[in-house]
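As structure tokens, the structure follows; a few thoughts come after it.
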Amino acid sequence: MIDVARKDPLERQAAVMDLRNRVVKYEQDELLNTWGVSIAHEPVHVEGRQLKPPRVVYGGNKQDAPRGGAWNLMGKKFLRPGQPLASWAIVNFTNKRVEDVRVFGDALRKAMANVGMQSAEPIYADHREGPTPLAILQGAGKKAFAASGKKLPQLFVCILEANQPSLYEDIKRAGMDLPTPTASQCINARKANIGGPKPIADQYVANVAMKINIKIGGGNHTINPADLPGIDNATMLMGADVTHPPPGLGLDSIAASVATADASRVIYGHEVRLQRNPGRGQSQEIILSMKDMIKAHLQRWARRNANALPTSIIMFRDGVSEGQFAAAKQVEIKAIRDAIQEVKPGTIKLTYIVCGKRHHVRFSAEDPGPGKTDARSGNLLAGTVVDTGVTNPVAFEFFLQAHAGLIGTAKPTRYIVLEDDNKFSSDSLQTVVNALCYSYGRATRSVSLPPPAYYSDILAEKARALLWADADTRSLVTGSSASGESRPFDPVDERKARELMTRIDKRTDFNLAQWYM
């Protein structure tokens, strides 16, 4: 499907122009003519700039300068290795031989050691040891508890066959349903080449190590502070998003937010709330529990920083459409300010940025060629920003393609600043946003959204596993996009869901770990 649908920028532009000039005859449209509306035959020409990539920082202050939006993990240690893995299990949900799974386990431990992570020998478990994923993980957890000298399980690495979304969901929920919620990392046996003819790829297990480290409370890399103008050690980065149930069922949405917990900008706390949708079950995109979540983030920061609070907040809000900007100002921004006033009146500055990808704007180079476009995909280079021609002249708005589009035509992210106490200049904010897109924890390349927005979107998506179980086939809708896939759906008892969220929140080490990644 992707191979059929994808078009590089020049192919896409040619197709659009062909549609405009050969198929759609706007000149013959009576309504447009009546109102004096005309549609140009050529694409609009705008000026863009390429922002310099930031320096990414690893352990031991080892730095790298990305090229083409990417860099290499080789020879680097994580900035903050997570807690040593003393109690963990590798659980085989396939029919692969135990010997082959152990080969993978050894390769994974070696990869983790290479980046500075510590791990004891895991215990190995098999899907035949229980009737359900929950029972299997319970059994594996008990074995890990005993083998580690009575330490609570920290992680389950689960080996799956390809294309098992239902089992994946069951495992994620099972990890949360344990007496102490426990992170899980699922492995595609085919991609990992477990039991295959080739050796397990170093790059694959290194990528898994990146995911595991942030799930157990670590941080992989950060950005050199000199590349973040206007950001200091007392700046809190936040992100928020909402996931909606299928329409018309009258069920709750899920509001999710994340926020940095200290000056490192790699440790994120998270908050999840059920959100009752008013009237006839219509989904509400505006977050009604924003004040409560902001207070929780501020209190968490204070606990980790000797009761000191941040002096500024930068909120990246995903999923708010242009028609909801007024409501975002009236409800969410007011809620953030109210939370600040209750915690520490009048001291914390707020910048509130909506970042959206639900638009049809695409850019292509007027004169493509070496040094101007990506040689592989034909896309504009990572870091391309446009703030004239297609933006509101009276709004603080810009389009940024921070990532290197690898397939098809890259979609830039649209940024609209609704509040800015921090008084960023356009250049400074664009530099900050571009730099932050290089700090996504589980990749060694820049991404299309700043991590706070990206993480909140993933958290909202993953939180559905806490609330919805397998039963019927319906679609899940998020504030930023429709998932596009059919998923089993069955609402969990609301009381049980709230109890589970409370248990997660009370476990401090878990609340500061990105288990949802």
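The values are calculated or read from the model by the stated rules, or taken from the named source; none is laboratory data. Given the structure is predicted, the values throughout are model-derived calculations rather than measurements. Here Cβ is always computed from backbone atoms with ideal geometry, including for glycine, and neighbour counts include all displayed protein chains.
The table below gives the values:
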| read-out | value |
| --- | --- |
| Residue list for the range 358-375, filter: at pLDDT 90 or above and within 18 Å of residue 241 (Cα to Cα) | 359 |
| Identity of the residue in the range 3-40, at pLDDT 80 or above and among the small types (Gly, Ala, Ser), that ends up farthest from the chain's Cα centre (by Cα) | 36 |
| Residues that are within 25 Å of residue 323 (Cβ to Cβ) and of a type in the set (Ser, Thr, Tyr), drawn from the range 415-431 | 415, 426 |
| Residue match in the range 227-235 (condition: farther than 20 Å from residue 295 by Cβ and touching a His at 6+ places or on another chain (Cβ under 9 Å)) | no |
| Hits in the range 187-218 - residues which are free of Cβ contacts under 8 Å to residues at least 12 places away in the same chain and part of a helix (DSSP H, G or I) | 203 |
| Selection status of residue 166, polar (S, T, N, Q) and at pLDDT 95 or above | no |
| Residue count, the range 103-113 (criterion: without any contact (Cβ under 8 Å) to a residue 60 or more places away in the chain and within 12 Å of residue 157 (Cβ to Cβ)) | 2 |
| Pairs with Cβ under 7 Å, 6+ apart, first in the range 376-388 and closer than 16 Å to residue 431 by Cβ, second among the aromatic types (Phe, Trp, Tyr) and at pLDDT below 95 | 384/363; 386/363 |
| Residue pairs meeting the criteria (Cβ under 7 Å; at least 6 apart or on separate chains; first under 15 Å from residue 182 (Cα atoms), in the range 78-99; second part of a loop (DSSP other than H, G, I, E, B) and of a type in the set (Gly, Ala, Ser)) | 82/217; 82/218; 83/217; 85/120; 86/120; 86/148; 87/148 |
| Within the range 270-320, considering residues that are among the polar types (S, T, N, Q) and either closer than 27 Å to residue 466 by Cα or in a helix (DSSP H, G or I) (or both), the one modelled with the lowest pLDDT | 282 |
| Residue in the range 323-349 that is surrounded by the fewest Cβ atoms within 10 Å (Cβ to Cβ), counting only those that are touching a helix residue (DSSP H, G or I) at 6+ places or on another chain (Cβ under 6 Å) and not acidic (Asp, Glu) | 343 |
| Residue that is surrounded by the most Cβ atoms within 10 Å (Cβ to Cβ) [pool: residues in the range 376-403 that are more than 12 Å from residue 434 (Cα to Cα) and small (Gly, Ala, Ser)] | 378 |
| Qualifying residue in the range 87-100 (condition: closer than 22 Å to residue 203 by Cα, surrounded by 13 or more Cβ atoms within 10 Å (Cβ to Cβ) and more than 28 Å from the chain's Cα centre (by Cα)) | yes |
| Index of the failed condition, residue 168 passing every other in (1) surrounded by 13 or more Cβ atoms within 10 Å (Cβ to Cβ); (2) within 30 Å of the chain's Cα centre (by Cα); (3) touching a residue at least 40 places away in the same chain (Cβ under 8 Å) | (3) |
| The range 430-458, residues that are of a type in the set (A, V, I, L, M, F, W, C) and within 29 Å of residue 254 (Cβ to Cβ) | 432, 433, 436, 437, 443, 447, 449, 453, 458 |
| Residues of the range 127-150 that turn out to be out of contact with any strand residue (DSSP E or B) (no Cβ under 8 Å at 6 or more places or on another chain) and surrounded by 16 or more Cβ atoms within 10 Å (Cβ to Cβ), as a count | 6 |
| Leading residue by the ranking (surrounded by the fewest Cβ atoms within 10 Å (Cβ to Cβ)) among those in the range 283-322 that are touching a residue at least 60 places away in the same chain (Cβ under 8 Å) and of a type in the set (Ser, Thr, Tyr) | 311 |
| Search result, residues across the range 42-64 that are in contact with a helix residue (DSSP H, G or I) (Cβ under 6 Å, 6 or more places away or on another chain) and over 30 Å from residue 81 (Cβ atoms) | 51 |
| Strands (runs of 3 or more DSSP E) contained in the range 355-471 and holding at least 3 residues aliphatic (A, V, I, L, M) | 413-420 |
| All positions within the range 122-151 that are in contact with a helix residue (DSSP H, G or I) (Cβ under 8 Å, 6 or more places away or on another chain) and farther than 24 Å from residue 168 by Cβ | 151 |
| Condition check for residue 59: of a type outside the set (D, E, K, R) and either under 26 Å from the mean Cα position of the chain (by Cα) or surrounded by fewer than 12 Cβ atoms within 10 Å (Cβ to Cβ) (or both) | yes |
| Unique residue being touching a Leu at 6+ places or on another chain (Cβ under 9 Å) and under 26 Å from residue 397 (Cβ atoms) when the list is 323, 239, 319, 269 | 239 |
| Qualifying residue in the range 231-244 (condition: out of contact with any helix residue (DSSP H, G or I) (no Cβ under 8 Å at 6 or more places or on another chain) and at pLDDT below 95) | yes |
| Selection status of residue 346, within 30 Å of residue 17 (Cα to Cα) and assigned to a loop (DSSP other than H, G, I, E, B) | no |
| Candidates 341, 330, filtered to the one that is within 19 Å of residue 416 (Cβ to Cβ), over 24 Å from the mean Cα position of the chain (by Cα) and part of a helix (DSSP H, G or I) | 330 |
